[in-house]
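*Asks:* Encoded as structure tokens, here's the structure I'll be asking about.
Any read-out appearing in this document is the output of simple, stated calculations on the displayed coordinates, not a laboratory observation. Note that the coordinates shown come from a computational prediction; the quantities given were computed from them, not determined experimentally. Using ideal geometry, Cβ is built from the backbone for each residue, glycine included, and neighbour counts are taken over all protein chains shown.
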Amino acid sequence: CYRRQIATVMTLHDYWGICYKNTLLKNSGEICKQGGLVCLDCREVLAGRLPVPSPVRNTQILFSLRKVDRLITPSRFVAEQYAANGVLKDKLTVIQNGIDVETFSPGHRSTATLTLGFIGHLGNHKGVEILLHALSLMDASKVRLLIVGTGDEAERLQMFCHERGLDPYVTFCGHVENQRIAA
């Protein structure tokens, strides 16, 4: 497309282009604030082969992204991270992911209990443990939390709830088909 001068648009949903692990989390669990060109410590060996060194990988991706005419991100934070790592700001446009709020309008709303929900992959980088920790610090009897999704952290998060007495207030729903999310 670049050689033929065909306009291109690409959506950057996450950090794959600037982070070897795709999460901006170091192996220690800390948030990486250094940027994508100094992440040698996070490289992993896949299929028994040494990976391409992170700075080489990230430089090649950034070089390729410069050839894209417009890059769309779902949040200002994602756009800022790419800009801080060398993507030209004038190529970035933020278009937030939207939902049809009519689909989620309740028929009857109870004022006694606040229902919160998380829908997504249950991975450490999603911050579900932070949400659960906050719930454990308050009077959880007035809250109902529905967690929809699967992932490598599901069992640990369920244990976290059990250890803190949150089981009556937190429901792990597992995988739910998109058309059933409103229910």
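*Asks:* Classify the range 129-183 as rounded, prolate or oblate from the Cα gyration tensor: take a ≥ b ≥ c as the square roots of its eigenvalues, call it rounded if a/c is under 1.5, otherwise prolate when a/b beats b/c and oblate if not.
*Replies:* Oblate, since a/c reaches 1.5 and b/c is not below a/b.
*Asks:* Shifting gears a bit: Counting only GluC sites (Glu not before Pro) that are in a DSSP loop and have at most 10 other C-beta atoms within 10 Å, tell me the longest site-free stretch of the chain.
*Replies:* That gives 45-176 as the longest site-free run.
*Asks:* Is the shape of the range 73-183 rounded, prolate or oblate, going by the alpha carbon gyration tensor and its root eigenvalues a ≥ b ≥ c, with a/c under 1.5 for rounded and a/b larger than b/c for prolate?
*Replies:* prolate
*Asks:* Where is the GNM fluctuation largest for the chain (alpha-carbon springs, 10 angstrom cutoff): V101, V56, V143?
*Replies:* Result for the chain, Cα springs under 10 Å: V101 fluctuates most.
*Asks:* Further, regarding this structure: Would you mind calculating the gained length between L131 and T115 on full extension (0.36 nm times residue separation, minus the Cα-Cα distance), in nm to one decimal?
*Replies:* Taking 0.36 nm per residue and subtracting the Cα distance, the gain is 4.4 nm.
*Asks:* Using a Gaussian network model of the chain whose springs link C-alpha atoms within less than 10 Å, name the residue from L71, L88, L131 with the highest mean-square fluctuation.
*Replies:* L131
*Asks:* Can you compute 3J(HN,Hα) from phi for each residue in the range 86-95, using the Karplus curve 6.51 cos²θ - 1.76 cosθ + 1.60 with θ = phi - 60°, rounded to whole Hz and x for Gly and Pro?
*Replies:* Working through the residues one at a time gives x, 7, 5, 4, 6, 8, 9, 10, 8, 10 Hz.
*Asks:* Springs between alpha-carbon atoms under 10 Å, Gaussian network over the chain: tell me which of D152, D139, D69 tops the mean-square fluctuations.
*Replies:* D139
*Asks:* Checking the cross-link filter: which lysines have an alpha carbon closer than 30 Å to that of K89, excluding same-chain neighbours under 8 positions apart?
*Replies:* K21, K26, K33, K67, K126
*Asks:* Still on this model: Work out from phi, with θ = phi - 60° and the Karplus expression 6.51 cos²θ - 1.76 cosθ + 1.60, the ³J(HN,Hα) of each residue of the range 151-158, listed in order in whole Hz, and give x for Gly and Pro.
*Replies:* Residue by residue, the range 151-158 yields x, 5, 9, 4, 5, 5, 5, 5 Hz.
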